[in-house]
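Chemist: Below you'll find the structure I mean.
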């Protein structure tokens, strides 16, 4: 009888963990989809002459700006209404964001408002979903949760590129003289309508999620603090309830947080600054900007509509495969090793891509299939290196390094700085490329990737296999 009960309990915990990991994937799918969906739409918008290069840059980066602002408030929102309701709110905003973009007639103001809303949704998801996973998954699955989140984030980017290929085949390419103005108008709107699909999937899935064991602040105030355990070892736990114990511990530590628990306390400064350093470096490498403008870069390197679309899809297929590999390695090789491996590869890729575009600008190389695929190979190396290291590890920097008592505020501030750097890079990317070429941009990104490597090599502790309490003790 006991064996039957234990098997049933293990199966229940297994199903619970599987559902949580599945929702991590849905959150990852939603996180970058709204921002990146503009990638295949940019050539159509350019061909129609709806916006100047400067305004097109602003529209692209608006999603990042929205994410930065909402990410700053997301921790407080999650503390007040709870993690589950915050995730439902984010998915609803993401679904409604397509309305002003597609129904605004191509006017700048409603288009910008819709892009901001897409970013607002992403900012909430980017803070609340990793926070929720850290509080509900046990130590053995936290790495998997972050990996699945990133894996499906990449799957969403790949889906965006496939949407672009499908639209080109159905409506015609933006550079094809046979594609009329009406077809091009319909094409970019069709691209943006697809952004509502992952929002709907996530909303339906989030309805079935259990609430985090960390109660909203208003509930903690009403219920009062529970008594603290008298010491270690008062209860013996087994593998079947490890995840539940991890959640209870997280909830207890958050409930025990006193009014003096601030980011400025000495024991919290080091993990907070380290997490911020990782997040800022992550975006200073230009990972978001390259995702937004990859298709345009490939076209500018010499590829036509169909070849550029195929190359763009191949980039994100590479990212998906590399992310899958990283998910299997993150709990085996460790966070620090993967981050060092990835950032060193990014430095090499940026330098190589910079020389390709430098050769094109100075006339050493004529725009052709050769130059276009050479640029694609360099971008593929960058994307693979990013996926192997920073793409997965950065979320663990958020969810593991931050102690429980400052996680909500710390993650919000960290993501705000992360997104502000991403906004700055994306907002100026096309403008600088138009004035000076891609090469100076790529060489600058290589410099920041080298700084990122140094932070990982000399400052980041290894957190593989450690509980949140053990990581917090390390910084103490």
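Chemist: Full-extension gain between residue 80 and residue 324, please, as 0.36 nm times their residue separation minus the C-alpha to C-alpha distance.
Modeler: Between residue 80 and residue 324, full extension yields an extra 84.4 nm.
Chemist: Let me ask something else about it. Could you compute the FRET efficiency for residue 176 and residue 348, with r as their C-beta to C-beta distance and R0 at 51 Å, rounded to 0.05?
Modeler: Working from the Cβ atoms, E equals 0.90.
Chemist: Could I ask something else about it? Suppose a student asked you for the relative contact order of segment 11-148, using Cα pairs under 8 Å spaced at least 6 residues apart; what percent would you report? Display every interim value, and only then the final one.
Modeler: Numbers: 153 pairs, mean separation 51.3, N = 138.
Relative contact order for segment 11-148 comes out at 37 percent.
Chemist: Stretched out fully, how many nm does the piece from residue 307 to residue 359 gain, at 0.36 nm a residue minus the Cα gap?
Modeler: Gain in length upon complete extension: 16.7 nm.
Chemist: Please order 44, 108 by the number of other Cβ within 10 Å, starting at the fewest. Write down the numbers at each step before the final one.
Modeler: Values: 44 27, 108 14.
Lowest to highest Cβ neighbour count: 108, 44.
Chemist: For 207, 315, which order do you get if you count the other beta carbons within 10 Å of each Cβ and list the fewest first?
Modeler: Lowest count first: 207, 315.
Chemist: Next question, about the same structure. Listing 115, 299, 428, 15 from the residue with the fewest other Cβ atoms within 10 Å to the one with the most, what is the order?
Modeler: Arranged by neighbour count, lowest to highest, 115, 299, 428, 15 become 15, 428, 299, 115.
Chemist: Work out, step by step, the length gained on full extension between residue 269 and residue 431: first 0.36 nm times the residue separation, then minus their alpha carbon distance; give nm to one decimal. Before the final figure, lay out the partial values.
Modeler: Values: separation 162, 0.36 × 162 = 58.32 nm, distance 3.68 nm.
That pair, residue 269 and residue 431, stretches by 54.6 nm at full extension.
Chemist: Continuing with this model, one more query. For segment 77-198, what's the relative contact order in percent, using C-alpha pairs closer than 8 Å and at least 6 residues apart? Walk me through the intermediate numbers first.
Modeler: Working: 88 pairs, mean separation 34.3, N = 122.
Across segment 77-198, relative contact order equals 28 percent.
Taken together, the values in this text are just the output of simple stated rules run on the coordinates, not laboratory data. It should be emphasised that the depicted structure is a prediction, and the values quoted were computed from it without experimental measurement. As a convention, Cβ positions derive from the backbone with ideal geometry for all residues, glycine included, and neighbour counts pool all protein chains shown.
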